[in-house]
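Read through the structure below, which is laid out as structure tokens, and then see the notes.
The values are calculated or read from the model by the stated rules, or taken from the named source; none is laboratory data. A quick note: this is a predicted structure, and the numbers were derived from the prediction, not measured. Cβ coordinates were reconstructed from backbone atoms using ideal geometry, including for glycine residues, and neighbour counts include every protein chain displayed. What goes into the accessible areas is simple: the full protein's heavy atoms, side chains included, and nothing from ligands, DNA or RNA. Shrake-Rupley method; radii C 1.70, N 1.55, O 1.52, S 1.80 Å.
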Amino acid sequence: MPTLLIADDHPLFRAALRGAADEAADDIRTCEAGTLDDALAMLEARPEIDLVLLDLHMPGNHGLAGLAAIRAQFPAVAVALVSANEDPQIVRRALDHGAAAYIPKSAGLDEMRDAIRAVLDCEQWLPPALRGAVARAESAPGDADLAARLASLTPQQFRVLALVAEGLLNKQIADRLEVQERTVKAHLSAIFEKLGARNRTQAGVILRGLEISDPARRVEA
């Protein structure tokens, strides 16, 4: 019996994905989260989750950072990105960073169902209308290497890196993670070595490089 986490801040779209999931597999179980932090907490609490449908721009997630966080902390869980952004280059980057599928928010119920079914069958899925353009899109320089380096981080190291990218100091990170400050320093040393970063500023910049602007927000602005 597969278990699916729908991570999206729009209730109506969560309902659409839930309907597609119900058609994709028999006896599928679904749970929901409205922020990236809630999604990570749900994954921690429910190890039976097989697949996450992750909104590319939900609160707490700014592009591919959420994908990287889930892939680093829960490598056995498949992630399908959901977004209104249909830029083939962005889709290419998502695949290079480990996405199992990319579902445009313009997709109909049938396509959503097909995507969920394909990923549950351990297959990669892209919308038919984008497959040719994505196949022609070149990978961003260094993306494959960066994805491998991020995947080499332990779950706790990734949590430390994410807090460094937010601008927190070692003591603040230690308080947030309920560990000793020397433990944070040890994690940072390992992070710098794995990412090839010289300092915390450079490490934070590397993670923030996964941010992708939301086209919907640009229109609103």
Show me, for the range 180-186, the HN-Hα J-couplings you get by feeding each phi into the Karplus relation (A = 6.51, B = -1.76, C = 1.60, θ = phi - 60°), rounded to Hz, glycine and proline as x. 7, 4, 5, 5, 4, 4, 5
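Round to a whole number: what % of the accessible area of the range 32-140 belongs to carbon and sulfur, probe 1.4 Å?
Using a 1.4 Å probe with all protein chains present, the range 32-140 comes out at 49 percent carbon and sulfur.
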Formal net charge of residues neighbouring residue 174 (Cβ-Cβ distance under 12 Å; K, R +1; D, E -1): +2
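Expressed as a fraction of 2.2 N^0.38 Å, the rule-of-thumb size for a compact globular protein of N residues, what is the C-alpha radius of gyration of the chain? Could you put the intermediate results ahead of the total?
Values: Rg = 17.4 Å, N = 221, 2.2 N^0.38 = 17.1 Å.
Compared with the compact-globule rule of thumb, the chain sits at 1.02.
Can you pull out the GluC sites (Glu not before Pro) in the range 118-221 whose DSSP state is coil and whose Cβ has at most 15 other Cβ atoms within 10 Å? Before the final figure, lay out each step's value.
Working: sites: 123, 138, 166, 178, 181, 193, 211, 220; in loops: 123, 138, 166, 178, 211.
Sparse-neighbourhood loop GluC sites (Glu not before Pro): 123, 138, 166, 178, 211.
Provide the packing ranking of 14-27, 57-70, i.e. peptides ordered by the mean count of other C-beta atoms within 10 Å per residue, highest first.
Numbers: 14-27: 17.2, 57-70: 22.4.
Top to bottom by mean Cβ count within 10 Å: 57-70, 14-27.
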Residue by residue through the range 63-69, what is 3J(HN,Hα) from phi via Karplus (6.51 cos²θ - 1.76 cosθ + 1.60, θ = phi - 60°)? Round to whole Hz and write x for glycine and proline. x, 8, 5, x, 4, 4, 5
Between the range 128-181 and the range 81-103, how far is it from one alpha carbon centroid to the other, in angstrom? 16
Need the list of lysines near residue 171 for cross-linking: C-alpha distance under 21 angstrom, and skip anything on the same chain fewer than eight residues off. 185
Sort the following peptides by mean Cβ neighbour count (other Cβ atoms within 10 Å, averaged over residues), highest first: 194-200, 89-95. 89-95, 194-200
Options 132, 89, 158, ranked by Cα towards positive dipole end of the range 46-175, top entry (Cβ charges): 158
Taking every alpha carbon pair in the range 64-180 and sorting the distances into 10 angstrom bins from 0 up to the bin holding the longest one, the percent per bin comes out as 13, 37, 30, 15, 5, 0
If you put +1 on each Lys and Arg Cβ and -1 on each Asp and Glu Cβ, how big is the dipole of the range 1-160 around its Cα centre, in Debye rounded to 20? 360
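Within 13 Å, Cβ to Cβ, of residue 153, how many net charges do the neighbouring residues add up to if Lys/Arg are +1 and Asp/Glu are -1? Kindly include the intermediate steps, with their values, before the conclusion.
On the way: positive: 71, 149, 159, 194; negative: 193.
Surrounding charge for residue 153 is +3.
So for the chain, averaging the separation of alpha carbon pairs under 8 Å that are six or more residues apart and normalising by length, what relative contact order in percent results?
Numbers: 347 pairs, mean separation 40.9, N = 221.
The normalised contact order for the chain reaches 18 percent.
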Roughly what % antiparallel, to the nearest 5, for the DSSP beta bridges in the chain? 0
